[in-house]
Amino acid sequence: MQIPKRILIFIIIAQFFCTSLWFAGNGVMNNLMVDFQLNEDALSYLTSVVQFGFISGTLVFAFFSIADRFSPSKVFFVSAVLGAALNLGIIWEENTIYTLLIFRFLTGFFLAGIYPVGMKIAADYYDKSLGKSLGFLVGALVLGTALPHLLKNITSEFPWKYVLISTSVLAFVGGIMIYLFVPDGPYRKSSQKFDVKVFSKVFQNQKLRSAAFGYFGHMWELYAFWTFVPLILNSYMETHNDVNFDVSLLSFSIIGIGFFSCALGGILSLKIGVKKVARNSLLLSGCCCLAFPLIFMMNSEILFLGFLLFWGMVVIADSPMFSTLVARSADPKMKGTALTLVNCIGFGITIISIQLLSSLLVNFHAVYIYMILALGPLFGLISLRK
């Protein structure tokens, strides 16, 4: 079946636009801390509450099989519009830490109707080339996640609220694109009824369990690394006094470069296999976790930045491969539910790793605590062997 090339392009652009909501708060975190008089631990709380909102959303979406029972394109559209509106709530001048947490939680909730549902839409269009398609799609997520850092750099001479307004407008446009130009795909198998046993049925599949556990190990590392990239850069400047980084621009580059590795991994998966790409990426990112203290202590700015860019590539390259393995292993009528549920658990794990690192930063030297992220890739590699 010949699928028009424009379909994947529309999905990729929409995913890029809509997932810019994810780290919109992080891109203006320093401004939020000043304007709303937040404590230093606000970074971890405002990041984790988005993840918690996403987890809650994915639980609801998975439990009611929303992406399988209803049109995924319409679900994506509604979620994008509501997420964009809630993201704008951050610019409200009367905000407190509590209202900010509520707005970020609800934004995360509706991201559950964007990221996994976007993968469901792609899976409904592509079969044999799903790894390649999801490589570009997750790459769009990476660029969307990194975008607020770039917007912060570009709009440094303008009010920080422009970052929030820009990301909300992009998310709204992305939702419109899916609604108008991407109808339900030819491989979609609609599930007409609600099944209370849906959670247990998903994980009865041994192949799906193996892929899901590999994904969980990957997620232990990924969002913790992304969250602390600005802090890592600032710590390096404090340790090496002669170094002066543009933290916003470099944060965008280190996170955003994952777009290219996701796309490359998707292309390679057609030649060497999805599982091999996932395994090699896990292995390399785990090595980066362990090598970080040594590279950090070296007085070489070029080496350090090159290392972080490489880490930014390998830390995400396996993500679309795991989603491909999950989608291929799942019952066609439960494909959307399986992707959503696996995402739900994976993002729950990110909260644990982010909060663990935040607490360890208080009592231990920052150089060594990032080594604990290597536990995720190790667990993922063991799961893939099974």
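We did not get these values from a lab; they are worked out from the coordinates using the rules stated. Quick caveat: nothing in here was measured; it's all calculated off a predicted structure. Quick reminder, even Gly has a Cβ in these numbers, built from the backbone with ideal geometry, and neighbours come from all protein chains shown.
Observations on the structure shown:
- The distance separating the Cα centre of region 123-153 from that of region 363-386 comes to 25 Å.
- Put simply, the C-alpha atoms of region 72-137 give a gyration tensor, and the ellipsoid matching it has half-axes of 32, 11, 8 Å, longest first.
- Within the chain, longest stretch clear of exposed GluC sites (Glu not before Pro) (DSSP loop, no more than 16 other Cβ within 10 Å): 158-386
- Too-long pairs where the Cα-Cα distance tops 27 Å, listed order kept, from Lys74/Lys207; Lys5/Lys189; Lys74/Lys276; Lys128/Lys207; Lys132/Lys335; Lys74/Lys275: Lys74/Lys207; Lys74/Lys276; Lys74/Lys275
- Point-to-point label distance, Trp92-Phe364, nm (Cα→Cβ direction, 7 Å offset): 3.9
- Mean Cβ neighbour count within 10 Å, used as a protection proxy, ranking 118-126, 57-65 highest first: 118-126, 57-65
- Here is what passes the span test in the chain: the DSSP H helices with alpha carbon length of 27 Å or more along the helix axis and a Kyte-Doolittle mean of 1.6 or above are 161-181.
- Candidates Trp226, Trp92, Trp160, ranked by Gaussian network fluctuation over the chain, Cα under 10 Å, top entry: Trp92
- 222 nm mean residue ellipticity, helices alone, for the chain (DSSP H n ≥ 4; -39,500 (n - 2.57); rounded to 500): -25000 deg cm²/dmol
- Among Ser200, Ser353, Ser44: highest mean-square fluctuation, GNM of the chain, C-alpha pairs under 10 Å: Ser200
- Ranking Ala171, Tyr236, Ser253 by how far each Cα lies toward the positive end of the dipole of region 165-257 (charges on Cβ) leaves Ala171 at the top.
- Normalised by the number of residues in region 64-129, the mean separation of alpha-carbon contacts (under 8 Å, six or more apart) gives a relative contact order of 45 percent.
- For Val173 and Asn299, a Förster radius of 51 Å and the Cβ-Cβ distance give a FRET efficiency of 0.65, rounded to the nearest 0.05.
- Each residue, Asp35 and Glu238, gets one label point 7 Å from its Cα in the Cβ direction; the gap between the two is 2.6 nm.
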